[in-house]
Amino acid sequence: MFYLSEPLVLSLFVEDVSAWLSSNDIRCTPRVKFTGKTGYDHYFDFVVPASRKRPERLIKAVSKPSKDMVEALAFAWIDTKEVRLENSMLYSFLNDTDKMPAISAIEALRKYDIVPILWSERKAALEELAA
């Protein structure tokens, strides 16, 4: 039986997100590090620069949504948000290919102003990310 380690699965999902962004002509910078208010560094998978229509948009691809992931992502966003451009937004693509993420995880992300996007519903975010 073929086994994929968690880092490899995450890498594959990030590659899927990257391919989707590219195929939809969404300009972005991959693998970006920002230093937060605490001095800690936080990595985001992509950054879509601000345009006349939309603010800066950070993107995090999450292959296996969990409570721990939500906590880590919420902290990274809170720590980073204050040192980024005003009105910056964070989008989180959630891999729901094999398993639907818990509703509580999705709601927790929303409560921290993180826009959750189920991978199966990614087309709904196309206009927001491409603008």
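Nothing in this text is a laboratory measurement; each read-out follows from the coordinates by a stated rule. Note that the coordinates shown come from a computational prediction; the quantities given were computed from them, not determined experimentally. Reconstructed Cβ throughout: ideal geometry from the backbone, glycine too, with neighbour counts over all protein chains shown.
A few notes on this one:
- Of all stretches in the chain that contain no trypsin sites (Lys or Arg not before Pro) in a DSSP loop with at most 14 other Cβ atoms within 10 Å, the longest one is 54-98.
- Among the chymotrypsin sites (Phe, Trp or Tyr not before Pro) in the range 19-67, those located in a DSSP loop and surrounded by at most 16 other Cβ atoms within 10 Å of their own Cβ are Y40.
- Exposure proxy order (Cβ contacts within 10 Å, fewest to most) of T80, T38: T38, T80
- Of the DSSP H helices in the chain, those that are both long (alpha-carbon extent of 20 Å or more along the helix axis) and hydrophobic (Kyte-Doolittle mean at least -0.5) are 6-23, 67-81.
- Computed across the chain, the Kirkwood hydrodynamic radius from all distinct Cα-Cα pairs reaches 15.1 Å.
- For the range 11-113, GluC sites (Glu not before Pro) meeting the loop criterion (DSSP other than H, G, I, E, B) and having at most 11 other Cβ atoms within 10 Å: E82, E86.
- If you count Lys pairs in the range 40-131 whose Cα atoms are under 22 Å apart, skipping same-chain pairs closer than 8 places in sequence, the total is 14.
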